[in-house]
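Read the structure below first, then the notes.
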Amino acid sequence: MNDAVLNDLTAHVVLAIEALPASRARRQQMQEELLAHLLDIYDDELERLQDEQAAAERAKQRFGRADDLRSELATAVPWVERLILLICGKGSIMWRWLWIVGVLAVFVGMGFVFPAVAKLRSPAPIMPNDRFGIGVLLPFGVVVTLLGLGLFGYSLLRVFRARRC
């Protein structure tokens, strides 16, 4: 087997496992096992076809598309490992900051909203000094809470969109 065929088969396997949400050790183990399996298929096809390039193409067809393999291999990664890599893994840290700021903004906004709503719901009449809390802090709290929810949702959208690509 020449190096070009081996590199082509290795690239097919790497394409299937490169974006897996798994540890480096697990991906390396998967790559070794999948490459051994693909080389076995290649040997069978080479024996049958007697042409290295045609055998490599046929072996990749029999092995499966990289996208399909990736989705099947992703189910083999335990959810705990995926969660740990999602939170602590290397990569873009920006979505984590957006997530933290979003959660904090929701809590701060609700800190303004809940007392104002409690004043509105109380049976006692609204006093003039309560009007600031209801007229200014309630809308401010609602805006901060909605911005926090937006940041939280945007950060999750970024991380899951980045994981799919």
If a residue must be loosely packed, with under 14 Cβ neighbours inside 10 Å and either assigned to a helix (DSSP H, G or I) or not hydrophobic (A, V, I, L, M, F, W, C) (or both), how many such residues does segment 92-107 contain?
5
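To keep it simple, each residue is scored yes or no on (1) more than 24 Å from V103 (Cβ to Cβ); (2) assigned by TED's automatic domain parsing to the domain that holds A105; (3) outside any helix (DSSP H, G or I).
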site	(1), (2), (3)
P123	yes, yes, yes
I126	yes, yes, yes
R131	yes, yes, no
I134	yes, yes, no
P139	no, yes, no
L146	no, yes, no
L149	no, yes, no
F152	no, yes, no
R158	no, yes, no
Which residue out of A25, A4 is more than 16 Å from A66 (Cβ to Cβ), among the small types (G, A, S), over 25 Å from the mean Cα position of the chain (by Cα) and surrounded by fewer than 17 Cβ atoms within 10 Å (Cβ to Cβ)?
A4
Set K60, K119: member being touching a His at 6+ places or on another chain (Cβ under 8 Å), in a helix (DSSP H, G or I) and either outside the structural domain of Q29 (by TED's automatic domain parsing) or closer than 30 Å to L9 by Cα (or both):
K60
Please find, among V13, V5, the residue that is closer than 27 Å to E81 by Cβ and either not in a helix (DSSP H, G or I) or not small (G, A, S) (or both).
V13
Within segment 63-85, count every residue that is over 17 Å from V14 (Cβ atoms) and of a type in the set (D, E, K, R).
2
Can you tell which of L20, L34 is in a helix (DSSP H, G or I) and among the hydrophobic types (A, V, I, L, M, F, W, C)?
L34
If you check I84, I17, which single one turns out to be within 25 Å of the chain's Cα centre (by Cα), surrounded by fewer than 16 Cβ atoms within 10 Å (Cβ to Cβ) and of a type in the set (V, I, T)?
I84
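The values are calculated or read from the model by the stated rules, or taken from the named source; none is laboratory data. Remember, predicted model here, so these are calculated numbers, not experimental data. Every residue, glycine among them, receives a Cβ derived from its backbone with ideal geometry; neighbour counts consider all protein chains shown.
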